[in-house]
Amino acid sequence: MQAADVMRRLIAGERVTHDGAFQVHDARVWSRPQNPAPLRAAAASAETAAWAASWADGVVTVGHDPETVGRILSAYKDAGGRGPCAVQVHVSLADSHSEALRTAGDQWRQATVDPALMWELMQPEDFDRLADPADTAALERGILISAEEEDVAERLGALVAAGADELFLHPVGKDQSSFLGRAREGLLDSIRARA
């Protein structure tokens, strides 16, 4: 909360000195934005989301399981959170389910690493050492994997029903143009039809 307070004061044009969890000495922002961006909190648990409600202008979580996402977003709202609730969704969309799974395992294999270990890993090779791209169940838990736009849209709709106001889609494959083409040619229309 101290950091959010300091940032808000700086953006408001104040000269700030702060001595707490960190130090700031006579700081000032010279080129302030006309419309300051909201300060959103990232929350991977209901406890963090509830804490963030006291200071954040919104919350962002990650995942595609509606029950888990709903629990996190509800905790934010139930604790008085007033800003938008966003969900980042890792997506592997390909011509076949096996191709989407293969892309997920190649490009986003860290999804197979035990989340409790993530905070301790420092280098890419640490993730690679622990990742198991052959663990399809873990890949499916961490990434929305599909070959069908309608399936992806339906699963994203479940996240909206769980309380998401915004969805940030993160295509995990290298070929971004293919994903964007499929989004333009059907995925976005399928999502809008469910809104």
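The values are calculated or read from the model by the stated rules, or taken from the named source; none is laboratory data. Just so it is clear, the structure is predicted and the values come from calculations on it, not from any experiment. As a convention, Cβ positions derive from the backbone with ideal geometry for all residues, glycine included, and neighbour counts pool all protein chains shown.
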(request) Evaluate the following for residue 121: is it buried (at least 20 other Cβ atoms within 10 Å of the Cβ) and either assigned by TED's automatic domain parsing to the domain that holds residue 152 or not in a loop (DSSP other than H, G, I, E, B) (or both)? (result) no
(message) For the range 144-172, which positions are surrounded by 15 or more Cβ atoms within 10 Å (Cβ to Cβ) and within 17 Å of residue 67 (Cβ to Cβ)?
(response) 144, 155, 156, 157, 158, 159, 160, 162, 163, 164, 167
(message) I need the full set of residues from the range 27-63 which are part of a loop (DSSP other than H, G, I, E, B), surrounded by 17 or more Cβ atoms within 10 Å (Cβ to Cβ), under 16 Å from the mean Cα position of the chain (by Cα) and of a type in the set (A, V, I, L, M), in order please.
(response) 39, 43, 56
(request) Quick one: which residue in 66, 115, 84 is under 18 Å from residue 169 (Cα atoms) and surrounded by fewer than 18 Cβ atoms within 10 Å (Cβ to Cβ)? (result) 84
(request) Those residues that are among the small types (Gly, Ala, Ser) and surrounded by fewer than 22 Cβ atoms within 10 Å (Cβ to Cβ), I need them from the range 96-110; list them, please. (result) 96, 98
(request) Could you run through the range 138-179 and say how many residues are in contact with a strand residue (DSSP E or B) (Cβ under 8 Å, 6 or more places away or on another chain) and assigned to a helix (DSSP H, G or I)? (result) 9
(request) Could you list, in sequence order, all residues of the range 7-26 that are surrounded by fewer than 14 Cβ atoms within 10 Å (Cβ to Cβ), of a type outside the set (Ser, Thr, Tyr) and not in a loop (DSSP other than H, G, I, E, B)? (result) 19, 23, 25, 26
(request) Look through the range 124-133, keep the residues that are part of a helix (DSSP H, G or I) and among the hydrophobic types (A, V, I, L, M, F, W, C), and return whichever of them is surrounded by the fewest Cβ atoms within 10 Å (Cβ to Cβ). (result) 130
(request) Go through the residues of the range 76-85 one by one and say whether even a single one is more than 20 Å from residue 167 (Cβ to Cβ), assigned to a helix (DSSP H, G or I), assigned by TED's automatic domain parsing to the domain that holds residue 168 and touching a Leu at 6+ places or on another chain (Cβ under 8 Å). (result) no
